[in-house]
Amino acid sequence: MSKKTAKSPAIDIGIGAGERKKIAQGLSALLADSYTLYLMTHNFHWNVTGPDFNSLHLMFMGQYTEQWNALDLIAERIRALGHPAPGTYKEFVKLASIEEVEGAPKATDMIRHLVSAQEATARTARKLFPLVNAANDQPTADLLTQRLEVHEKTAWMLRSLLEE
């Protein structure tokens, strides 16, 4: 008795297989940066100290919660394009442009690290636009636009905390 394996129907959404693969690879890098940023922000939320503890603790919670929700949107877009989403620390470290921060830096250094990580994530998202636009992939373009808005605004707000 042989088992038949059901083959998934071919994806026919108006974006070629090669374009979908390249977009999924770019989104995988964005997912890796986003996850690394999420972890960094959550770590800082847990470990922030000093006179601004309460406001930073709450701000970081809002940021990591938003970031957590975005992870699913990015991963689901990769899946909709017909590719597996990376989901391990090993894959994220390999794909991310953001360096992990070990330990618990001082609050001001946490803010500096987060500005840098927010901006790096924005750059990763922005790099995808030429490919996404050429493929006429509006859902991914919309996702990237939304992510850019969040990362640029968050970076600005964090930078404002560093001004004298």
Within segment 147-156, can you find the residues that are touching a residue at least 60 places away in the same chain (Cβ under 8 Å) and hydrophobic (A, V, I, L, M, F, W, C)? V150
Output the residues belonging to segment 139-164 that are crowded, with 21+ Cβ neighbours inside 10 Å and over 18 Å from Y38 (Cα atoms). T140
Would you pick out the residues in segment 109-140 that are within 17 Å of A155 (Cα to Cα), hydroxyl-bearing (S, T, Y) and touching a helix residue (DSSP H, G or I) at 6+ places or on another chain (Cβ under 7 Å)? T121, T124
When segment 38-73 is checked residue by residue, the ones that are hydrophobic (A, V, I, L, M, F, W, C) and over 19 Å from R159 (Cα atoms) are L39, W46, W68, A70, L71, L73
Of all residues in segment 25-67 being in a helix (DSSP H, G or I), in contact (Cβ under 8 Å) with a residue 24 or more places away in the chain and among the β-branched types (V, I, T), the one that is nearest to L131 (Cα to Cα): T36
So for segment 116-134 (the condition being more than 17 Å from S34 (Cα to Cα), modelled with pLDDT of 95 or more and not in a helix (DSSP H, G or I)), does at least one residue qualify? no
Pairs under 7 Å by beta carbon, first residue farther than 19 Å from L71 by Cβ in segment 125-136, partner of a type in the set (D, E, K, R) and outside any loop (DSSP other than H, G, I, E, B), six or more apart or different chains? L131/K22; A135/E19
Consider G18 carefully, then state whether it is closer than 23 Å to L143 by Cβ and part of a helix (DSSP H, G or I). yes
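The values are calculated or read from the model by the stated rules, or taken from the named source; none is laboratory data. These numbers come from a predicted model, not from an experiment. No Cβ is skipped: glycine too gets one built from the backbone with ideal geometry, and neighbour counts run over all protein chains shown.
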